[in-house]
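The values are calculated or read from the model by the stated rules, or taken from the named source; none is laboratory data. It should be emphasised that the depicted structure is a prediction, and the values quoted were computed from it without experimental measurement. We place every Cβ from the backbone using ideal geometry, glycine too, and count neighbours over all the protein chains shown. Remember, those area values only see protein heavy atoms, side chains included, never the ligands or the DNA or RNA. Shrake-Rupley method; radii C 1.70, N 1.55, O 1.52, S 1.80 Å.
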Number of protein chains: 2
Amino acid sequence: MNRSPWTQARRAARMNPSIIREILKVTEKPGVLSMAGGLPSADTFPVEAIRAACDRVLSTQSKEALQYAASEGLAPLRAWVAEKVAALGIQASPDQVLITSGSQQGLDLVGKLLCDAGAPVAVETPTYLGALQAFSPYEPIFASLASDEEGPLPQAIEALPHDAPGTRFAYLLPNYQNPTGRVMGQARREAVVAAARKAGVPIVEDNPYGDLWFDQAPPQSLSALWPEGSIYLGSFSKVLTPGFRLGYIVAPTELYPKLLQAKQAADLHTPGFNQRVVYEVIKDGFLDQHVPKIRARYKANRDAMAAALREALPPGCEWRTPEGGMFFWIRLPEGLDAMALLPHAVEAGIAYVPGAAFYAHHPDPRTLRLSFVTLTPDLIREGVDKLGRVLHEALAAAEAPTP
Amino acid sequence: MNRSPWTQARRAARMNPSIIREILKVTEKPGVLSMAGGLPSADTFPVEAIRAACDRVLSTQSKEALQYAASEGLAPLRAWVAEKVAALGIQASPDQVLITSGSQQGLDLVGKLLCDAGAPVAVETPTYLGALQAFSPYEPIFASLASDEEGPLPQAIEALPHDAPGTRFAYLLPNYQNPTGRVMGQARREAVVAAARKAGVPIVEDNPYGDLWFDQAPPQSLSALWPEGSIYLGSFSKVLTPGFRLGYIVAPTELYPKLLQAKQAADLHTPGFNQRVVYEVIKDGFLDQHVPKIRARYKANRDAMAAALREALPPGCEWRTPEGGMFFWIRLPEGLDAMALLPHAVEAGIAYVPGAAFYAHHPDPRTLRLSFVTLTPDLIREGVDKLGRVLHEALAAAEAPTP
């Protein structure tokens, strides 16, 4: 009689707790300096501009803002997005713009529309964990693309399976990738897109970090190189606030109607209030002033972390200084395991994310991700010092003769 | 060379444009009195309370409200929901509450977790179109439950397939159902739940309208009768504002972890700002004062529409006066087709939704849905008068000898 009446779908076996999420719970102890989460600095949130925009929206358009709204999104915001991506070289009409509840929802809708059980989806090595989680319930087979410090290798894309069911798409983050921080150069972009066209594998380009460059803007968008073969995902989370959950998809006309239907089935529409407030904040060029301030702050943080890493980390650690975004990606010396070391690190008062979580296959246990945007430069130095001590101790223990 | 590189998932064939949405576009002409949409009256939106709450949230908790947040939802809001449903007889811990981006997202997450291709899902006849849209991409086979003016018949539930893959759940709207406005009496509820237990078919109970009763509160929640066999969906859209997209799931402990993972994959979390603002509005009993005002307004509208229908509709039309909610459900005389008549109605300056959209199988072309909450009583009378003239003319034409 106590048998459960519930039967879960086959896909439920592919829904798993985020390792990052579980780790964040462990690391949220008081006194722990966390470089684990991918949280933008709360000091960058334009509270006063948002407050003024909330007031304006509620004074002048409260009925529209609080009522049900169009699934496509707010028309002027869609037009703003079309202009924004035009500056990246993507020629798209506002009719190709779908406002989403964060770009995570964009990933879910893309998976829903394009993934069949058993059909391959290509991802970078490593790749954004949230994308793996979004696509997984749709039961694709992940193909991990051999990748270097500029991202996936064109020959890996050319070698993707193209017999039925075909590789449904390659999921690529060309700018300051999460987790590695790497950026694809112009030549690599051209080679990757040429390989994808040749292989008949379309591209899902995710660009949450593209505005967070430090010295020079990143090269041309992948979608600009192959508009009819690319879906572009953008977000307001890193340049304004993640707490409004506002992102967007720019899709080929061919795919738009079905994406829209998937959106409507998923949550009817993204909150109209949020869309109107964000549009009020940004419509007169606010981001042109605001984003450079975020860049300057994050660059100073990046510099502080780069200097601290040079001083504190033991020989044998490898990393590259990111040219934008939010993350350093560290590879530990042979014999160290970032997951195994995490409890010691938390004990010592710091936290990071072990890199293993970001691999679709064959995790590299020596990798870890450090965010440089959540803490202040002083705390970054303190945190990295502690990390250095943990690693030095671990190395000494590894090198000590076993008793 | 112009062959598309995109291959859509098999499930995309099950994503179709909402007929209602297409109809609403046609009916959104200036001068058309629309009784088609399911829009709450914008006059009920508590603009000042929301403005004050936005100010409070941005003054006292801006960093938390604008940052990434927990996928489960805001802790005090989850506790509020647990208390709210306790008043309906559902004993649930706040740990069983998942805040969703509107209850439409609740339907999507339920479908994602419980629907397999080819496994039956039972629905009322007719049922909420948005649920059919949410579940369809997960490729269930819909089983339309024989239903009367109190909802589904217990014997129809008992007769559901229980051999593998089994009926995954029965989707039920016991209170002032969309589209029919019907309510399940206490005896029917008990019989339905007993039948479901016997058949081993769990229940997904959707209750967006339960607070909108006019003379007496509806009977006990279905979930209260079978807690471990029920998922309960609620919403703030009808009692506060739909524009914030805020709903909730109360789920058995057994299902909660996977629902949470589905939520996280779908959009990380519902906007923290929206959750905090709504919690600020409601935390001190605001709804106890506010909801009775909505009830009084909607009851007056319901009465206006009931009187107008009695006066204006031709003999042979059938309807019941709803005891709550937002809709009248009309069945036209033999020979009339609500979809075919819609262009004439729009021409005459009014709009409704043909009922055919709400059937999983065998639509009844004589049915239509009228909302009584969007227009004022005067406009309701005017609209129903026009509808009456359209129907009288159509009947006259149908009865005229064919030339």
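Is it the case, given these coordinates, that A:Q220 is more than 22 Å from B:P5 (Cβ to Cβ), of a type outside the set (S, T, Y) and outside any strand (DSSP E or B)? When the stated conditions are applied, A:Q220 does not pass them. Is region A:312-319 home to any residue that is on the phi > 0 side of the Ramachandran plot, open to solvent by 10 Å² or more (accessible area, probe 1.4 Å) and in contact (Cβ under 8 Å) with a residue 40 or more places away in the chain? Yes, region A:312-319 contains a residue that is on the phi > 0 side of the Ramachandran plot, open to solvent by 10 Å² or more (accessible area, probe 1.4 Å) and in contact (Cβ under 8 Å) with a residue 40 or more places away in the chain. Taken over region B:23-46, the residue count meeting the criterion of being open to solvent by less than 30 Å² (accessible area, probe 1.4 Å) and in a helix (DSSP H, G or I) is 4.
Every condition in (1) of a type outside the set (G, A, S); (2) free of Cβ contacts under 8 Å to residues at least 60 places away in the same chain; (3) open to solvent by less than 10 Å² (accessible area, probe 1.4 Å); (4) more than 14 Å from every other protein chain (Cβ to nearest Cβ) is met by A:P126 except one, and the failing one is (2).
Only one of (1) of a type outside the set (S, T, N, Q); (2) away from chain B (no Cβ under 14 Å); (3) free of Cβ contacts under 8 Å to residues at least 12 places away in the same chain is not met by A:P257, so which one is it? Evaluating A:P257 over (1) of a type outside the set (S, T, N, Q); (2) away from chain B (no Cβ under 14 Å); (3) free of Cβ contacts under 8 Å to residues at least 12 places away in the same chain leaves (2) as the failure.
Take region B:330-363 and flag every residue that is hydrophobic (A, V, I, L, M, F, W, C) and touching a Phe, Trp or Tyr at 6+ places or on another chain (Cβ under 8 Å).
In the first step, residues of region B:330-363 are kept if they are hydrophobic (A, V, I, L, M, F, W, C); the result is B:330, B:332, B:336, B:338-342, B:345-346, B:348, B:350-351, B:353, B:356-358, B:360.
If the condition is that a residue be hydrophobic (A, V, I, L, M, F, W, C) and touching a Phe, Trp or Tyr at 6+ places or on another chain (Cβ under 8 Å), then B:I330, B:A338, B:L342, B:A345, B:F358, B:A360 are the ones that fit.
Against the list (1) within 20 Å of the chain's Cα centre (by Cα); (2) under 30 Å from A:G324 (Cα atoms), the condition A:A79 fails is (1).
Taking first residues from region A:383-396 that are over 18 Å from A:N301 (Cα atoms) and partners that are open to solvent by 60 Å² or more (accessible area, probe 1.4 Å) and of a type in the set (A, V, I, L, M, F, W, C), no Cβ contact under 6 Å between residues at least 6 apart in sequence or on separate chains turns up.
Filtering region A:223-238 down to residues that are outside any strand (DSSP E or B) and open to solvent by less than 10 Å² (accessible area, probe 1.4 Å), which residue is nearest to the other protein chains (Cβ to nearest Cβ)?
A:G229
Of the residues making up region B:144-177, those that are part of a strand (DSSP E or B) and touching a residue at least 40 places away in the same chain (Cβ under 8 Å) number 6. Entry remark, region B:280-297: residues being within 14 Å of chain A (Cβ to nearest Cβ) and either free of Cβ contacts under 8 Å to residues at least 60 places away in the same chain or over 22 Å from the mean Cα position of the chain (by Cα) (or both) number 2 in total. Please indicate, with yes or no, whether at least one residue in region B:308-329 is within 27 Å of B:I50 (Cα to Cα) and either within 14 Å of another protein chain (Cβ to nearest Cβ) or of a type in the set (S, T, N, Q) (or both). Yes - at least one qualifying residue is present in region B:308-329. Across region B:190-206, the qualifying residues are those that are without any contact (Cβ under 8 Å) to a residue 40 or more places away in the chain and buried (at least 23 other Cβ atoms within 10 Å of the Cβ), and the one among them that is nearest to B:S235 (Cα to Cα) is B:E205. Annotation note: of B:G89, B:G31, B:G37, the sole residue that is farther than 25 Å from A:F45 by Cβ and touching a strand residue (DSSP E or B) at 6+ places or on another chain (Cβ under 9 Å) is B:G37.
Give me the pairs: first residue in region B:4-17 and at the interface with chain A (Cβ under 7 Å from one of its Cβ atoms), second residue surrounded by fewer than 20 Cβ atoms within 10 Å (Cβ to Cβ) and small (G, A, S), beta-carbon distance under 7 Å, and six or more apart or on different chains, which are they? Matching pairs, first to second residue: B:P5/A:G200; B:T7/A:G166.
For region B:1-22, the set of residues classified as closer than 23 Å to B:A356 by Cα and not in a helix (DSSP H, G or I) consists of B:M15, B:N16, B:P17, B:S18, listed by residue number.
Could you tell me which of the residues B:A300, B:A306, B:A360 is in a helix (DSSP H, G or I), open to solvent by 10 Å² or more (accessible area, probe 1.4 Å) and in contact (Cβ under 8 Å) with a residue 12 or more places away in the chain? Quick ask: steps written out before the conclusion?
Values: B:A306 fails: open to solvent by 10 Å² or more (accessible area, probe 1.4 Å); B:A360 fails: in a helix (DSSP H, G or I).
The match here is B:A300.
Residue-by-condition table, conditions (1) under 17 Å from A:G243 (Cα atoms); (2) at pLDDT 95 or above; (3) open to solvent by less than 40 Å² (accessible area, probe 1.4 Å); (4) within 14 Å of chain A (Cβ to nearest Cβ):
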position: B:C54; (1), (2), (3), (4): yes, yes, yes, yes
position: B:L58; (1), (2), (3), (4): yes, yes, yes, yes
position: B:A65; (1), (2), (3), (4): yes, yes, yes, yes
position: B:A69; (1), (2), (3), (4): yes, no, no, yes
position: B:R78; (1), (2), (3), (4): no, yes, yes, no
position: B:V85; (1), (2), (3), (4): no, yes, yes, no
position: B:A92; (1), (2), (3), (4): no, yes, yes, no
position: B:S101; (1), (2), (3), (4): yes, yes, yes, yes
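Is it the case that region B:261-279 has a residue that's over 30 Å from A:Y138 (Cβ atoms), in a helix (DSSP H, G or I), open to solvent by less than 10 Å² (accessible area, probe 1.4 Å) and at pLDDT 95 or above? Within region B:261-279 (the criterion being over 30 Å from A:Y138 (Cβ atoms), in a helix (DSSP H, G or I), open to solvent by less than 10 Å² (accessible area, probe 1.4 Å) and at pLDDT 95 or above), the answer is yes, since at least one residue qualifies.
The residues on offer are A:L24, A:L98, A:L39, A:L33, and the sole one that is in contact with an Asp or Glu (Cβ under 8 Å, 6 or more places away or on another chain) and not assigned by TED's automatic domain parsing to the domain that holds A:Y248 is A:L33.
Just to verify a result, which residue in region B:22-52, among those that are facing chain A (nearest Cβ under 7 Å) and free of Cβ contacts under 8 Å to residues at least 40 places away in the same chain, is nearest to the chain's Cα centre (by Cα)?
Taking region B:22-52 as the starting set, the residues that turn out to be facing chain A (nearest Cβ under 7 Å) are B:39, B:42, B:45, B:47, B:50-51.
Pick out the ones that are also free of Cβ contacts under 8 Å to residues at least 40 places away in the same chain and you get B:42, B:47, B:51.
Values: B:A42: 18, B:V47: 24, B:R51: 27 Å.
So, considering only residues that are facing chain A (nearest Cβ under 7 Å) and free of Cβ contacts under 8 Å to residues at least 40 places away in the same chain, the one nearest to the chain's Cα centre (by Cα) is B:A42.
Note on region A:242-254: among residues that are surrounded by fewer than 24 Cβ atoms within 10 Å (Cβ to Cβ) and either modelled with pLDDT under 95 or facing chain B (nearest Cβ under 10 Å) (or both), the one that is farthest from A:S103 (Cα to Cα) is A:E254.
What do you reckon, is B:P165 closer than 19 Å to A:R3 by Cβ, open to solvent by 10 Å² or more (accessible area, probe 1.4 Å) and touching an Asp or Glu at 6+ places or on another chain (Cβ under 7 Å)?
For B:P165, the condition - closer than 19 Å to A:R3 by Cβ, open to solvent by 10 Å² or more (accessible area, probe 1.4 Å) and touching an Asp or Glu at 6+ places or on another chain (Cβ under 7 Å) - is met.
Taken over region B:136-170, the criterion of being within 14 Å of chain A (Cβ to nearest Cβ) and within 22 Å of B:G325 (Cβ to Cβ) is satisfied by B:A170 alone. Considering every residue within region A:366-376, establish whether at least one is open to solvent by 60 Å² or more (accessible area, probe 1.4 Å) and more than 28 Å from A:W213 (Cβ to Cβ). Checked against the condition, which is being open to solvent by 60 Å² or more (accessible area, probe 1.4 Å) and more than 28 Å from A:W213 (Cβ to Cβ), region A:366-376 yields no hits at all.
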